[in-house]
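For reference, the structure discussed in these notes is given below.
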Amino acid sequence: MPETSRHGYWGPLPGESPELYKAIGTPVLERVILAHMPEFWRGNFNMEAGRSLGATIPPEEIVPPAELTRQERLERLVNFTKTNEIGHVALFAGLSAASAYGVSEGGWWGIGTAVVLGAINIVANVPAIIVQRYNRLRAYRLLDRIGHPRPTPTSE
């Protein structure tokens, strides 16, 4: 894989590869997440249109996957993983801040709140971030294989 600096956070980080994610069980984790994702969230995802979570897409903007090139489909997948990862990283940061506040309050209530929020944070966000990074690295590898440049990092 090309050097990390070219893609910043969105590219492979030092030591990061699809093989690493396979070794820790990410493909199984992905199947578990998809199997237990609430239906109302599933309906809001439209990876084929390159958008996710609550985006309203006019019918004329939706391009059927069969009409896209392999490169365009992979670029949409990359953008989809970035969008979803940003959401989970933001939630992770927010819940981490709330947990820190709970600890700073002290007492059983504050510590208990911090523990509950920390557990929710780890269960809800860390696996999702791992799956997004795994899928993006796989898409980058395929883009490299078909000889197309990777999508350039954006300021999403």
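The values are calculated or read from the model by the stated rules, or taken from the named source; none is laboratory data. Just so it is clear, the structure is predicted and the values come from calculations on it, not from any experiment. Virtual Cβ from ideal backbone geometry, glycine too; neighbours counted across all protein chains shown.
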Filter segment 14-67 for residues that are modelled with pLDDT of 80 or more, farther than 17 Å from Ala128 by Cα and outside any helix (DSSP H, G or I) and give the result. Pro14, Gly15
Looking at segment 73-84, can you tell me whether even one residue there is charged (D, E, K, R), closer than 28 Å to Pro14 by Cα, without any contact (Cβ under 8 Å) to a residue 40 or more places away in the chain and in contact with a Gly (Cβ under 9 Å, 6 or more places away or on another chain)? yes
Here the qualifying pairs (Cβ atoms under 8 Å; residues six or more apart or on different chains; first in segment 1-21 and more than 11 Å from Tyr140 (Cβ to Cβ) and of a type outside the set (Val, Ile, Thr); second in a helix (DSSP H, G or I) and modelled with pLDDT under 85) come out as Leu13/Thr4; Pro14/Thr4
